[in-house]
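Worksheet for the structure shown next.
The values are calculated or read from the model by the stated rules, or taken from the named source; none is laboratory data. Since we're looking at a predicted model, the values are computed, not measured. Cβ atoms come from the backbone with ideal geometry, glycine included; neighbour counts cover every protein chain shown.
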Amino acid sequence: MTTIAALYVATGGAYFNLPDVDPWDEQRDARLYPGPHPVVAHPPCHLWVSFAALNFKRYGGEHNRPGNDGGCFASALAAVRTWGGVLEHPASSKAWAAHRLPTPRKGRWIGPDPAGGYVCEVSQAAYGHRARKLTWLYYVGSAPPPAMLWEQPAGTAQVGWFDRKKPTLGKSEAKATPPAFRDALLVLARGARPSAATISSHPSPPRAAIRSAFFPSRAHASACSSHGT
């Protein structure tokens, strides 16, 4: 079975202790992933969501600046485009526009983009999450991606305080990746092996270059911690 590198995942979380899965948690720093396996990437999202701008206005600090994630999303995107696989982020993530990715739509994959990527929107509630948790995916592989579960159940709980009509999940449960969704992402990645030509045209940069580009401060390093998978 193809080995998959799971990037930006929680220590001891859903991707640990699985056969043929190589988990990269905060300690390993997924920005340094050198290949060659396809990836499932969960780059941290808290600086790319809508309330990031409000937090920055309220608290200030470069570590709170929207999009200032120390290169986590850019590195995850580069890994997917180089080695094949899939990246996930919350629906309406500002990272999509910042990296000029196509806007996903409900119910189908859209693509390919100029880099060979496909995008879609899914609900993690379709895979067992108690909240609706709309999610955007970006996939690159040697063939178009298979269909996902396209239904978007309302869910019985919510992430955050939107209308308080449903119980609000605790932080750990809100961030957690349902096993069925994890498995669906692993299936995508295992079918995503890029061609040799693609790999040769996207060589991995030396680790020293990655460090100089993405490690201007310890605050940036901590910004690349897992977002809960």
Any chance residue 185 is at pLDDT 85 or above, out of contact with any helix residue (DSSP H, G or I) (no Cβ under 9 Å at 6 or more places or on another chain) and either at positive phi or not hydroxyl-bearing (Ser, Thr, Tyr) (or both): yes
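Of all residues in segment 60-75 being charged (D, E, K, R) and in a loop (DSSP other than H, G, I, E, B), which is modelled with the lowest pLDDT?
Restricting to residues being charged (D, E, K, R) and in a loop (DSSP other than H, G, I, E, B), the top hit is 65.
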Does segment 212-222 contain at least one residue that is buried (at least 17 other Cβ atoms within 10 Å of the Cβ), outside any helix (DSSP H, G or I) and at pLDDT below 55? no
Those residues of segment 115-134 which are modelled with pLDDT under 95, assigned to a strand (DSSP E or B) and surrounded by fewer than 23 Cβ atoms within 10 Å (Cβ to Cβ) amount to 131, 134
Say we look at segment 76-100 and pick out the residues that are polar (S, T, N, Q) and at pLDDT below 95; which of these is surrounded by the fewest Cβ atoms within 10 Å (Cβ to Cβ)? 92
Contact list please: Cβ distance under 7 Å, first residue in segment 79-99 and under 20 Å from residue 175 (Cα atoms) and in a loop (DSSP other than H, G, I, E, B), second residue among the acidic types (Asp, Glu) and at pLDDT 90 or above, pairs at least six apart or on different chains. 91/121
Being touching a helix residue (DSSP H, G or I) at 6+ places or on another chain (Cβ under 9 Å) and modelled with pLDDT of 70 or more is the filter; apply it to segment 159-174 and report the residue that is nearest to residue 131 (Cα to Cα). 159
What number of residues within segment 15-41 are within 17 Å of the chain's Cα centre (by Cα), at pLDDT 95 or above and either under 17 Å from residue 176 (Cβ atoms) or surrounded by 20 or more Cβ atoms within 10 Å (Cβ to Cβ) (or both)? 15
